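Here's the structure we're looking at; comments come further down.
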Amino acid sequence: TIKKHITEVENFSSTDIEAIEAFRIKYLGKKGLFNHFFSDFKNVPNEQKKEFGKTVNLLKTVATEKVNDLKEALENKKEEKGIYGDLTRPGEPLGLGTRHPISIVKNQIIDIFSRIGFNVSEGPEIEDDWHNFTALNLPEYHPARDMQDTFFIQTDPDILLRTHTSSVQVRYMENNKPPIRTISPGRVYRNEAISARSHCFFHQVEGLYIDKDVSFADLKQTLQFFTTELFGKSKIRLRPSYFPFTEPSAEVDVYWGLETETDYKMTKGTGWLEIMGCGMVDPNVLTNCGIDANEYSGFAFGMGIDRIALLLHQISDIRLLSENDVRFLEQFKSAF
Ligand code: PHE
C-alpha cells in the first residue's frame, strides 16, 4: 500500500495553493500518512524492517520534493504576473516627441532677430478695441477695419480676438520707453474661409524698432539681413502698399530665384513671393502710445509664420498644421 501512495504522490500536480497544502498535510502533517506508517514500524517483523523503513522514507522524500516543486512553480508564476513583472526584461522605449513646424520656424525667426538686439514680447489673444485698432490709427468707422475680418467676443464690440500682434506692440510702447527693439510672436484670428491656403487662425511675428533717427534704409537693411538668414542667399523687393499704422508702407517680396530653386522645389514658377508687410510707424501711433513723435521715429513689420513654414518645409496644405496628425508631425525633427 505504501508503494501505491508513492505512485500517487508522483502523479500529483496542482497550481492551487490550498490543494498543495492539503496534499502536504495528508502526507507530511502530524497525523499524516508518513507518521501513520512510521508508527507502524515497531509492529513490522524484524526481517522486513529494512525494506519497510526504506519504503516509508522514500514516501517522505518524494512527498517533500513534490510539495517544494509545486510551491516553487507557483512562486515563479506569481512573479511573472506581479506588479513589477520580470525586472530583467528590456524596457519599452519612450517615443521622443518632435517640435511642431510652427514652433520650429518661430524659434528660427526669434533666433535671427535676437542676434541684432530684438527681444520677445507677448500679449493677450483676447484684446480690446483700443489695442487692436484704435491706438493703431484705426478709429471707429475707419474703412480699413474691414481689411481684417474680426471675431468679436459675444456681443461686446469692444472685446475681440486679436487680428494681428500689432496689439502687443501697442502694449509694449505704452509700458516701455525708447529705444525699443522687440518682436511679438503669437496666434491671431480672422474670420476667413478655411482652405488649403488660409485659416481662421494663424501665427504672426511682428517687429517694432523705435529710436532717434530711424530711417527707411534701416528697415530695408534689417529685412535683408533677416531674409538672408532665414532663406539663404535671397533678394527682396519692397512694393508700395497701405497700412493705417505705417506711413509709408510696403509689402515685402522675396525672390524664389535660381540660387534657392534647388532647395525649394515646391515653387513651380520661381519668382517673387510676398512674405510680409512693413513701414515707418505713423506718428499718430507713437503719440497714441505715449511716445514723443518729434523726438522718435521707427519702423514695424509683420509676417505670417504659417505661410513661411509652408514654403520652408514644402507643405501643401495649411490645414495640416492644425490637425495634429502624428504621421505629419513626426516628420519634423529639429534641433530647435
Ligand atoms: N499688422 C499687419 C497685418 O497683420 C502687418 C504689419 C505690421 C504691416 C507692421 C505693417 C507694419 O497684416
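Conditions first: (1) among the β-branched types (Val, Ile, Thr); (2) more than 20 Å from Met173 (Cα to Cα); (3) modelled with pLDDT of 95 or more. Ile308 passes all but one, so which condition is the exception? Ile308 satisfies all of (1) among the β-branched types (Val, Ile, Thr); (2) more than 20 Å from Met173 (Cα to Cα); (3) modelled with pLDDT of 95 or more except (3).
Taking the criterion of being within 60 Å of the chain's Cα centre (by Cα) and over 19 Å from Lys4 (Cα atoms), the only residue of region 21-64 that qualifies is Glu21. In region 87-109, the residues that are assigned to a helix (DSSP H, G or I) form Cβ pairs under 8 Å with partners that are open to solvent by 70 Å² or more (accessible area, probe 1.4 Å), at six or more places apart or across chains, as follows: Ser103/Phe336; Ile104/Phe336; Asn107/Arg99; Asn107/Phe336; Gln108/Phe336. Against the condition of a type outside the set (Lys, Arg) and within 16 Å of the ligand (Cβ to nearest atom), how does Phe301 come out, does it pass? Criteria met by Phe301. Among the residues of region 10-38, the ones that are open to solvent by less than 50 Å² (accessible area, probe 1.4 Å), over 18 Å from Gly53 (Cα atoms) and outside any loop (DSSP other than H, G, I, E, B) come to 3 in all.
Asp158 meets all of the listed conditions (1) at pLDDT below 95; (2) buried (at least 18 other Cβ atoms within 10 Å of the Cβ); (3) touching a strand residue (DSSP E or B) at 6+ places or on another chain (Cβ under 8 Å) but one, namely (2).
Residues that are modelled with pLDDT under 90 and open to solvent by 40 Å² or more (accessible area, probe 1.4 Å) within region 231-254 comprise Lys233, Lys235, listed in sequence order.
Open to solvent by less than 10 Å² (accessible area, probe 1.4 Å) and more than 25 Å from the chain's Cα centre (by Cα), is that true of Phe133? Criteria met by Phe133.
Sub-9 Å Cβ pairs linking a first residue in region 61-79 that is open to solvent by 40 Å² or more (accessible area, probe 1.4 Å) to a second residue that is in a helix (DSSP H, G or I) and modelled with pLDDT under 90, at least 6 apart or interchain, are Lys71/Ile17, ordered by first then second residue. Note on region 168-207: among residues that are open to solvent by less than 30 Å² (accessible area, probe 1.4 Å) and β-branched (Val, Ile, Thr), the one that is nearest to Asp149 (Cα to Cα) is Val188.
Looking across region 196-214, the residues that are in contact (Cβ under 8 Å) with a residue 60 or more places away in the chain and part of a loop (DSSP other than H, G, I, E, B) come down to Ala196, Arg197, Ser198, His199, Lys212, Asp213, Val214. List every residue pair whose Cβ atoms sit under 7 Å apart, with the two residues 6 or more apart in sequence or on different chains, where the first one lies in region 284-311 and is without any contact (Cβ under 8 Å) to a residue 40 or more places away in the chain and the second, anywhere, is surrounded by 20 or more Cβ atoms within 10 Å (Cβ to Cβ). As it stands, the answer is Ala293/Leu286, since those pairs meet every condition given.
The values are calculated or read from the model by the stated rules, or taken from the named source; none is laboratory data. These numbers come from a predicted model, not from an experiment. Virtual Cβ from ideal backbone geometry, glycine too; neighbours counted across all protein chains shown. Each accessible area value is taken on the protein alone, full model and side chains, heavy atoms only, with ligands, DNA and RNA left out. Shrake-Rupley method; radii C 1.70, N 1.55, O 1.52, S 1.80 Å.
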